[in-house]
Structure formats: structure tokens, C-alpha cells
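Everything below concerns the one structure shown next.
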Amino acid sequence: MEGKTEEQYIKFSFDDINTARSLFGPRDENIKYLRKYFNIKASVRGNHLTIVGNKDELESTSRVINELKGIIKKGFVVNSSDIDSAVRLVTSHQITQEHEKKDEIYIVPTKKVITPKSKNQKAYIDAIRKYDMVIGIGPAGTGKTYLAMAMALSSYYRKEVSRIILTRPAIEAGEKLGFLPGTMYEKVNPYLRPLYDALYDMLDMDRATRLIERGIIEIAPLAFMRGRTLNDAFIILDEAQNTGTEQMKMFLTRLGFSSKTVVTGDITQIDLADKKASGLVEIQSILKGIKGIRFVYFSKGDVVRHPLVQKIIKAYETKRNSTKGIE
């Protein structure tokens, strides 16, 4: 009959009964949930799954099942939220590619599109895509941390990395946490709040919380990075101007295989007692010319906050320059 698409079928067999059970879900609920997205018929017999539908539906469903198998191999239990994410990843792959051609960042689960607002922001995104280590330096409000966070999430959902690590110096670079009351979490949380804010702006709170609970997204003070080697990760160091020489060296040498690092900071807002000892200031000369590392500099013209912020930055620059003239 004209217009009717011939049905086909695909059969999945699993050697491990536990993998099959995790994929199928209690009473095969995960397989039933797939019907929310795809016009398919499915039957489960022991370790075997058979799905019936037209060619396009079968291809999309198969890709989702393979994504879910990857989640199970990492030791996680699959639920409806994971299926939602896998479906979005599969069905939006072409959309993602189209946005990247336009220098936009596409966050798959929320379908949020983040666009660079200036030439330097575009250069920053391009550098992060091309280089394993990028250092973004410039005033507050230029999108350094926000764009890095967007690139990290985009990389994770495209399976380019398996986790995201967000860190910054705590307690105004001194990290003397013992002097503050409360648990370790209570002590450092206020200093990490800007990282949470950027994360929650791109993902809904429930999804972000689940990623944090799984350890896929880790937000921690810089001191917690000591002694670790970070493989297959997207790592962001925020407020890097408040790192000392040894702290910066420690962080930069954490980079492992298949990982990407973005360092951000504002060298005009150093809270260290000795501003010349800022690790961010030093690496500009130390790392200069090393292949695989890219510096991107932002100016007040890249500020994307309230228009008054640009004027305030300019006023402080004028004040600082006039003070240097007197000296």
C-alpha cells in the first residue's frame, strides 16, 4: 500500500543478566518508556530484546540503547531521566553540528544555545575546541567562566569527556579553612557559589544535582586537587589570579590523558598579599610559546553584564593609570 513503511526488527542479546536487567528496568519499565519517544513494538525474553518498527525508528532506538549500555558499564542504574538525556543526545546530534558551525554552544538536555557576544569570546570558544589548555584573562563579566562551563557541558554530553571538574581557590586564595566554623562543605560552599550559579543557569537543578551526586560534575576548592591525576575530564580553574606559584604549578600538572583545562582569572583583582606572586601573572611568561597552550585576553569591551559594569571597569582603569603616572 502506498505511503506505508515496511516494518523491520532488531534483536539485542546480552551475555550478562545484570546488564540486561539494568537496561530493561523493573518490569521492563525502561523499554516501555522508550515508546514515549519512538513508534516501536518491543518484547523481552530473558536476556534478549527485540524491537520492531520502521528503519528510522529502529536506528534511533538502537543508538539510545547503546548510550544506555554505556551508562550501565560505568556502574550507574538507568532510569527515565537517563533515557530522556540519551534520546536528546541522539536526536539532537545533527542540530549540535549545525550550531557548532555557527560558533554557538549547544547544551543538549535543555536545548539551550549559548552564543559568543564579542570577537574575543568567539576566539575563546574556538581556542577551547582546538587546544588542550586555554587561559582566559580579563575583567569580570566577560564570560570567561560562563563560556568555559558551557563548553564543558557540551563536551560531556557529546561523550568527549566523562566528567567535569570545577575548582577555584577558597577563602581569598589563602585556603585557611580551619579558621571557619562548620563542616568542610559549609566552609567552602560560599566560595564555589559562582560555579554553581553558572551550572544551574544551563541545566535544571534536578539534572545538575544528579550529575553532582554521581560524581560526574565535581565542584571543589583548589586544595583538593593536590596529588590527583585527572584523566578524561574537562577541568576549569576559576579565579586563578588568587593562586600562588606552587598552587598554579600543582594545578597545571594535574592534567591527564584525554583531558582539557581552562584557566580563568582577572589579574586586576588579585587578593594575594603579594600581587606579584600571582600564579596567573607568572604563567603568562612561563608558558609563553608552548605548543598546545593558548592565551585569550578579554577587555572591558567584552563585558556582557549591565552597561554600567563597563563604565565602572573603565573608571577603575583610569584611576589606576593616573596613580601609576604619579609614581
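The values are calculated or read from the model by the stated rules, or taken from the named source; none is laboratory data. All values derive from a computational prediction rather than experimental measurement. Neighbour counts run over all protein chains shown; Cβ positions are idealised from the backbone, glycine included. Please note that ligands, DNA and RNA were not included when accessible areas were found on the heavy atoms of the full protein model with its side chains. Shrake-Rupley method; radii C 1.70, N 1.55, O 1.52, S 1.80 Å.
Is the range 39-51 home to any residue that is modelled with pLDDT of 85 or more, of a type in the set (Lys, Arg) and part of a helix (DSSP H, G or I)?
No; the residues of the range 39-51 include none that is modelled with pLDDT of 85 or more, of a type in the set (Lys, Arg) and part of a helix (DSSP H, G or I).
Filter the range 109-163 for residues that are of a type in the set (S, T, N, Q) and more than 17 Å from ILE235 (Cβ to Cβ); which is surrounded by the most Cβ atoms within 10 Å (Cβ to Cβ)?
Only one residue tops the list, namely THR142.
From the list SER85, SER80, which one is at pLDDT below 85, over 21 Å from the mean Cα position of the chain (by Cα) and open to solvent by less than 60 Å² (accessible area, probe 1.4 Å)?
Step by step, each of SER85, SER80 is checked, and only SER80 is at pLDDT below 85, over 21 Å from the mean Cα position of the chain (by Cα) and open to solvent by less than 60 Å² (accessible area, probe 1.4 Å).
Do we find a residue being open to solvent by 10 Å² or more (accessible area, probe 1.4 Å), of a type in the set (Gly, Ala, Ser), touching a helix residue (DSSP H, G or I) at 6+ places or on another chain (Cβ under 6 Å) and over 30 Å from ASP82 (Cβ atoms) anywhere in the range 220-242?
Scanning the range 220-242, I find no residue that is open to solvent by 10 Å² or more (accessible area, probe 1.4 Å), of a type in the set (Gly, Ala, Ser), touching a helix residue (DSSP H, G or I) at 6+ places or on another chain (Cβ under 6 Å) and over 30 Å from ASP82 (Cβ atoms), so the answer is no.
Among the residues of the range 249-276, which ones are among the aliphatic types (A, V, I, L, M), within 21 Å of GLU160 (Cα to Cα) and buried (at least 18 other Cβ atoms within 10 Å of the Cβ)?
LEU252, VAL262, VAL263
Restricting attention to the range 125-148, and to residues there that are in a helix (DSSP H, G or I) and among the β-branched types (Val, Ile, Thr), which single residue is farthest from ALA240 (Cα to Cα)?
ILE125
Pick from ILE283, ILE235, ILE312: which is over 16 Å from MET133 (Cα atoms) and hydrophobic (A, V, I, L, M, F, W, C)?
Selected residue: ILE312, the only one of ILE283, ILE235, ILE312 that is over 16 Å from MET133 (Cα atoms) and hydrophobic (A, V, I, L, M, F, W, C).
Take the residues in the range 277-291 that are open to solvent by 60 Å² or more (accessible area, probe 1.4 Å) and in a loop (DSSP other than H, G, I, E, B), then tell me which one is nearest to GLY138 (Cα to Cα).
That would be LYS288.
Show the residue pairs meeting these rules: Cβ distance below 8 Å; 6+ apart or different chains; first residue within the range 290-304 and of a type in the set (D, E, K, R); second residue open to solvent by 80 Å² or more (accessible area, probe 1.4 Å).
ARG294/LYS130; LYS300/LYS314; ASP302/LYS117
Filter the range 292-327 for residues that are in a loop (DSSP other than H, G, I, E, B) and either of a type outside the set (A, V, I, L, M, F, W, C) or at pLDDT below 90 (or both) and give the result.
GLY292, SER299, VAL303, VAL304, ARG305, HIS306, GLU327
Kindly indicate whether THR96 is open to solvent by less than 60 Å² (accessible area, probe 1.4 Å), of a type in the set (S, T, N, Q) and modelled with pLDDT of 80 or more.
No, not satisfied.
Within the range 149-170, restricting attention to residues that are part of a helix (DSSP H, G or I) and not small (Gly, Ala, Ser), which residue is nearest to the chain's Cα centre (by Cα)?
Looking at residues that are part of a helix (DSSP H, G or I) and not small (Gly, Ala, Ser), I get LEU153.
Cβ contacts < 9 Å: first residue under 18 Å from LYS32 (Cα atoms) and aliphatic (A, V, I, L, M), restricted to the range 68-84; second residue open to solvent by 20 Å² or more (accessible area, probe 1.4 Å) and assigned to a loop (DSSP other than H, G, I, E, B), any location; separation 6+ or different chain. Result?
From residues that are under 18 Å from LYS32 (Cα atoms) and aliphatic (A, V, I, L, M), the pairs are ILE83/LYS36; ILE83/TYR37.
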